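To start, the structure itself, in structure tokens.
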Amino acid sequence: MSAPRWLIAPAVLGLALVVLPLVALIVRLDWASVPAAIASSEALSALTLSLVTAAAATGVCVVLGVPLALLIARAGSRLAGVLRAAVTLPLVLPPLVGGIALLFLLGRTGLVGASLDAVGIRIPFTTGAVVIAQSFVALPFLVIAVEGAFRTAGVRYEQVAATLGASRWTTFRRVTLPLVAPSLVAGIVLCFARALGEFGATALFAGNQEGVTRTMPLAIYTAFNGGGIGQSTAIALSLLLVAVAILVLLAMRSWREDVAL
């Protein structure tokens, strides 16, 4: 059954709200200046830093997020609800609030940062701080994707493996992980994309130092506020981020179609 006709107008407006800003970005771009803009030292520095830190943050999220997702999936309903709410909190928090929270935790006078500072370890305003901020905002994407897959898979195959003498680690590696592989890949892709576009928490917790903490979103922000790279480079980097996001979505769709076949 087709949708009511009166829904077409708001649907078209919703699509326009998403698509037209991107069209305006493409129209505004001076295509002749794109190669030089992206090849500038400032742009390459921001791009390289973004890719490296996003990859590192994704690795952190995989190492921490997969066990956390399994814990939530295997916990009782009440505990699972509490853990799920805690994990998804960064999704609804304003990114700037996340940056302030990280400062209060790991800053020089923070809950943990004070002890670290006493032994000469300072995390804020370093490249490591960028990775931590990106991990903070991206972790929920991976946990949500994988936790649902763990719950759907159940424990039947794990129990069969245990009766055959498989250890818990062997069962996890040879049975559990293959069962959730499609969701794990989807979570990794979304996690990387979110880390790549992170801005607010990074700006407050890591700062905006060129070559150290200035990722692509921060470089774009800096350009449009009159500092650092030019606006043409900022627009080119913005389009590059859009292109990366599209590639991420296409890769995830292709993976799901291959799995379905």
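Counting only DSSP H runs of at least 4 residues, each contributing -39500 (n - 2.57), and dividing by the residue count of the chain, the helix-based mean residue ellipticity at 222 nm comes to -24500 deg cm²/dmol.
Mind sorting out which of (1) 24.7, 79; (2) 21.5, 67; (3) 22.5, 76 is the real Rg and Dmax of the Cα atoms in Å computed from the coordinates? Here Rg and Dmax of the Cα atoms in Å agrees with entry (2).
Sorting 103-113, 51-61, 187-197, 29-39 by their mean Cβ neighbour count within 10 Å, with the most densely packed peptide first, gives 187-197, 51-61, 103-113, 29-39. Only protein atoms count toward the accessible area here, which uses a 1.4 Å probe; on the chain, the carbon and sulfur part of that area reaches 71 percent.
Each of Ser167, Thr126, Ala195 was scored by the projection of its Cα onto the charge dipole of segment 75-215, and the greatest displacement toward the positive side belongs to Ser167; charges sit on the C-beta of Lys, Arg, Asp and Glu. For the chain, the per residue solvent-accessible surface stands at 56 Å², with DNA, RNA and ligands left out and a 1.4 Å probe.
Size check on segment 107-202: the Cα extents along the three principal axes, sorted descending, read 52, 31, 17 Å.
You can think of it this way: the chain between Leu51 and Asp30 has 5.1 nm of extra reach, that is 0.36 nm per residue less the Cα-Cα gap.
The values are calculated or read from the model by the stated rules, or taken from the named source; none is laboratory data. Source: prediction; values computed, not measured. FYI the Cβ positions are ideal-geometry reconstructions off the backbone, even for glycines, and counts take in every protein chain you see. Side chains are part of the model used for accessible areas, which takes the heavy atoms of the whole protein and leaves out ligands, DNA and RNA. Shrake-Rupley method; radii C 1.70, N 1.55, O 1.52, S 1.80 Å.
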